[in-house]
Amino acid sequence: MTETARPERDRPWIIRTYAGHSSPAESNALYRRNLAKGQTGLSVAFDLPTQTGYDPDHVLARGEVGKVGVPIAHLGDMRALFDQIPLGKMNTSMTINATAMWLLALYQVAAEEQGAQPAELTGTTQNDIIKEYLSRGTYVFPPGPSLRLITDLVAYTVTEIPRWNP
């Protein structure tokens, strides 16, 4: 019996390192170095204030900005994070939960500003807000609204960014 080629099985694995630190510009430089060395995708690590929706200037963010990931507070930060990285050709994983919808919106706008269409974007958003209740205690929204955000992001990506794993 001869097995036929299946594109979903035969395409190369995405090689990416979970990374992000200090600032969008520093993280961008790291991503570009890794891509130049053969990495084929990106896996963005966000800092705790970004994960929980705090502005980096907020008193509760003090001491945490850029500590365990990249801080993203606005579209300018997202532009700087992916400067000179063609998002229409990149597979990006964003390990983020409570602020997943907002960060995906910033990512989509940054990609569109580069000339990419939403249908071209590929990647993954962790989007498991309920997990924050069970494992980390970094929840932002009550369970009901959390479920709504999760399902809204899934519905949006299915129609608008069909190659994205929500």
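The values are calculated or read from the model by the stated rules, or taken from the named source; none is laboratory data. Quantities reported herein were computed from a predicted structural model and do not represent experimental measurements. As a convention, Cβ positions derive from the backbone with ideal geometry for all residues, glycine included, and neighbour counts pool all protein chains shown.
Remark: residue 93 matches the filter, which requires a residue to be among the small types (Gly, Ala, Ser), modelled with pLDDT of 95 or more and out of contact with any helix residue (DSSP H, G or I) (no Cβ under 9 Å at 6 or more places or on another chain). The residue of the range 4-35 that is modelled with the lowest pLDDT, among those that are under 23 Å from residue 61 (Cβ atoms), in a loop (DSSP other than H, G, I, E, B) and not hydroxyl-bearing (Ser, Thr, Tyr), is 21.
Put simply, of 70, 65 the only residue that is surrounded by 15 or more Cβ atoms within 10 Å (Cβ to Cβ) and free of Cβ contacts under 8 Å to residues at least 24 places away in the same chain is 65.
Evaluation of residue 130 against the conditions (1) of a type outside the set (Lys, Arg); (2) surrounded by 17 or more Cβ atoms within 10 Å (Cβ to Cβ); (3) under 20 Å from residue 141 (Cβ atoms) shows that the sole unmet condition is (2).
Residue count for the range 93-148 under the criterion of being within 26 Å of residue 61 (Cα to Cα), touching a residue at least 24 places away in the same chain (Cβ under 8 Å) and of a type in the set (D, E, K, R): the result is 3. When the range 116-165 is limited to residues that are under 15 Å from residue 95 (Cβ atoms) and of a type in the set (D, E, K, R), the one that is modelled with the highest pLDDT turns out to be 128.
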